[in-house]
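The values are calculated or read from the model by the stated rules, or taken from the named source; none is laboratory data. Since this is a predicted model, take the numbers as computed values, not measurements. Using ideal geometry, Cβ is built from the backbone for each residue, glycine included, and neighbour counts are taken over all protein chains shown.
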Amino acid sequence: MTLLKQYVNAVRMYLPKGPQQDDILSELSEHLQSKMDEEEEALGRPLTEVEQEALLTQHGNPAMVAARYGAPRRSVAFGWQLIGPELFPLYFRILLLNWATTLIVVPLIREFGQIIPRLGFWPFAGPMLAQLVIVTLVFTSVDWFQRVAHRPSARASLPNWRFPPSYLQCIPRWQSLAGVMLFGVTSIWWVLVPTKPVLMLGPASTSLEFSSSTTSLYWVALALLLISTAQRATTLVRPDWNWLQALTRLITNGSALVLLYPFAQSFPYVMVSAAAADPAKAAILALRVNSTIWWLAMGTMSIYWLINVAYHLWVCAQFLLYAGRRRAEQFS
């Protein structure tokens, strides 16, 4: 797909569907193609992708371009704006994709034996509610960080999620810094959990303890957290190493997806401790905690990892194709 087509498709995401959308995009495509042809004629050679990206970006943020044609500025707001118009289309699509995947995956993962009851609406409602909260929080954070990082720049200078493509973008330093803080704190918390179970189990730590089956999973999870932290720290220093983020996320999310099988086989994750004052009550609590952990990983995080693996596999393919085109340009 050419950069011009990617740019036009990015504008398309913000326009209402219908005959008018096709007319607007056709007019926009012809106008931009004319500008690119003029530039190539002036240079006496075809434009490189970097030059095409600069010309198209100069035309404006796709969300703002669509707004010039009267596109609605949809957002998520509760008294104040949580997710702005630039990110709303992606937020809406990611949420729908998560929910659709849940309706397909949940009936499948419930077949992992008799660990979890098979009937009832909660196995669907629980993950879907968790995804709503998580996706909304993530996009609210991204929206806030973007706006803080670009002050006092104009709204038109805000980056767009569809253009330019990731292989032509540096990793924003605010994104790497936020990742270092998030994964760094999470790694420290994870390291402390074995000696301070209260950090994960809360008050239940007085009557429950982690089962030995979780030991190997614990160390692998710690390794993935440290790899994620290291990637963010690296791209904070070298934001031009944009390929590193896609590759690292493909590896970490892919590894997490593969670990779901040994995770399911490690059930139960907590058991009644010898120090429990009321073993019968502690057994009921252990069942609830085990069920919550199982569904959090299998019913919610599994869908997140699956979507991330598919997306970053596609992004890595784009990096490889771009590298091939760059080599072809050098030898032409």
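Scanning the range 233-271 for residues that are of a type in the set (D, E, K, R) and over 18 Å from Y304 (Cβ atoms), which turns out surrounded by the fewest Cβ atoms within 10 Å (Cβ to Cβ)?
Ranking the candidates gives D240 first.
I'm checking my understanding of the structure. Among residues of the range 4-47 that are touching a Phe, Trp or Tyr at 6+ places or on another chain (Cβ under 8 Å) and within 20 Å of R325 (Cα to Cα), which one is surrounded by the most Cβ atoms within 10 Å (Cβ to Cβ)?
For the range 4-47, the residue satisfying everything is Y7.
Which helices (runs of 4 or more DSSP H) sit wholly inside the range 1-103 and have at least 3 residues that are in contact (Cβ under 8 Å) with a residue 40 or more places away in the chain and not assigned by TED's automatic domain parsing to the domain that holds F319?
It comes to 3-12, 49-59, 62-68.
If you check every pair at least six apart or on different chains, which have Cβ atoms under 7 Å apart with a residue in the range 173-185 that is outside the structural domain of R147 (by TED's automatic domain parsing) first and a residue that is modelled with pLDDT under 90 and crowded, with 16+ Cβ neighbours inside 10 Å second?
From residues that are outside the structural domain of R147 (by TED's automatic domain parsing), the pairs are W174/A149.
Would you check if L201 is under 20 Å from N290 (Cα atoms), buried (at least 17 other Cβ atoms within 10 Å of the Cβ) and of a type outside the set (S, T, Y)?
Judged against the criteria, L201 is a match.
Would the range 243-264 turn up any residue that is more than 17 Å from the chain's Cα centre (by Cα), in contact (Cβ under 8 Å) with a residue 24 or more places away in the chain, assigned to a helix (DSSP H, G or I) and more than 23 Å from F183 (Cβ to Cβ)?
yes
Consider I307 carefully, then state whether it is surrounded by 19 or more Cβ atoms within 10 Å (Cβ to Cβ) and within 17 Å of the chain's Cα centre (by Cα). First the steps, then the outcome.
Working: surrounded by 19 or more Cβ atoms within 10 Å (Cβ to Cβ): no; within 17 Å of the chain's Cα centre (by Cα): yes.
Taking the combined requirement at face value, the residue does not satisfy it.
Residues of the range 274-286 being surrounded by fewer than 18 Cβ atoms within 10 Å (Cβ to Cβ) and under 20 Å from P194 (Cα atoms), which ones? Don't jump to the end; show me each part of the working.
Filtering the range 274-286 for residues surrounded by fewer than 18 Cβ atoms within 10 Å (Cβ to Cβ) gives 274-275, 277-281, 283-284.
Matches in the range 274-286: A274, A275.
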